[in-house]
Amino acid sequence: MGAERYLLSEGDAITMLRGLTSGRVWRYPVKLYRLILLLLLFAPKVAWAAGNEDGVAVIIGNRDYQSIPNVDFAVNDANAMREFVVGVLGYDPDNIIDLRNATKAQMEAAFGNERSHKGLLWRYLDPQGGSDVVVFYSGHGVPSLEDRRGYLLPVNADPNTPQINGYPVDLLYTNLAKLKAKSITVFLDACFSG
């Protein structure tokens, strides 16, 4: 049985939250602080601060880019998500892969690459499939005109050649789908307008 997946993306985020009882999906455009409030109210199957010892999170805040404008609030957003994951979802702080200003090598180490999905995240998971997984990324995203794929942009990447030095969003989803987990929730706070 596959893990439940909830996807949030596009700039300020478009949330898709599954209702606790009806199973319907609602869409809301929100800012990050509103997103956290919505999660507090509607997040399904959450161990509210009681502890979720098998929960694992990867939190990335990419603010300080080398060749393009910075993303001023990326680190603040990542810090807020970390507080939410620990304080509300009850994740053990030792089960959080917390990256600030991540390079491509660090992102591949966390999520794996095209050859293997067995990165740090895979190693942190409960081998029996009992982990809830949260992935949060705040930073630049960029489309490639060459291969028409979306990329998360590491801080040391050239935005003109993301197919060479970016981290492909579809690879992220492919590698996450290979994980044995109870649930997987992905938050992408990135603009892909180019």
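Each residue in the stretch 124-154 was checked for being open to solvent by 10 Å² or more (accessible area, probe 1.4 Å), more than 30 Å from G51 (Cα to Cα) and touching a Lys or Arg at 6+ places or on another chain (Cβ under 9 Å), and 1 pass. For the stretch 157-189, the set of residues classified as more than 29 Å from D126 (Cβ to Cβ), surrounded by 16 or more Cβ atoms within 10 Å (Cβ to Cβ) and touching a residue at least 40 places away in the same chain (Cβ under 8 Å) consists of A157, P159, N165, G166, listed by residue number. Scanning the stretch 101-121 for residues that are open to solvent by 20 Å² or more (accessible area, probe 1.4 Å) and touching a Lys or Arg at 6+ places or on another chain (Cβ under 8 Å) yields a count of 2. Residue pairs whose Cβ atoms lie under 6 Å apart, sitting 6 or more positions apart in sequence or on different chains, and linking a residue in the stretch 65-77 that is farther than 12 Å from R100 by Cβ to a partner that is open to solvent by less than 30 Å² (accessible area, probe 1.4 Å) and among the hydrophobic types (A, V, I, L, M, F, W, C), are Y65/V155. Among the residues making up the stretch 113-166, a single one is among the β-branched types (V, I, T), under 19 Å from L188 (Cα atoms) and not in a strand (DSSP E or B): V155.
Only one entry of A190, A177, A157, A105 meets the criterion of being over 18 Å from D54 (Cβ atoms), in contact with a Phe, Trp or Tyr (Cβ under 7 Å, 6 or more places away or on another chain) and not aromatic (F, W, Y), and that entry is A190.
Checking every residue in the stretch 74-89 against the condition of being within 14 Å of the chain's Cα centre (by Cα) and among the aromatic types (F, W, Y) gives at least one match. Under the condition of being in contact with a helix residue (DSSP H, G or I) (Cβ under 7 Å, 6 or more places away or on another chain), assigned to a loop (DSSP other than H, G, I, E, B) and open to solvent by 30 Å² or more (accessible area, probe 1.4 Å), which residue from the stretch 32-87 is modelled with the highest pLDDT? So, considering only residues that are in contact with a helix residue (DSSP H, G or I) (Cβ under 7 Å, 6 or more places away or on another chain), assigned to a loop (DSSP other than H, G, I, E, B) and open to solvent by 30 Å² or more (accessible area, probe 1.4 Å), the one modelled with the highest pLDDT is R63.
Here is a yes/no grid of residues against (1) over 16 Å from the mean Cα position of the chain (by Cα); (2) among the hydroxyl-bearing types (S, T, Y):
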| residue | (1), (2) |
| --- | --- |
| Y124 | no, yes |
| Q163 | yes, no |
| D170 | no, no |
| K178 | no, no |
| C191 | no, no |
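Each residue in the stretch 170-190 was checked for being of a type outside the set (F, W, Y) and either assigned to a strand (DSSP E or B) or under 14 Å from G150 (Cβ atoms) (or both), and 11 of them qualify.
Within the stretch 110-136, residues that are farther than 16 Å from D92 by Cβ sit with their Cβ atoms under 7 Å from residues that are of a type in the set (K, R), at 6+ positions apart or across chains, in these pairs: G112/K118; H117/K178; G129/K180; G129/K182.
The values are calculated or read from the model by the stated rules, or taken from the named source; none is laboratory data. These numbers come from a predicted model, not from an experiment. Note that each Cβ is placed from the backbone with ideal geometry, even for glycine, and that neighbours are counted across all protein chains shown. Quick note on the areas: whole protein, heavy atoms, side chains included, nothing else; ligands and nucleic acids left out. Shrake-Rupley method; radii C 1.70, N 1.55, O 1.52, S 1.80 Å.
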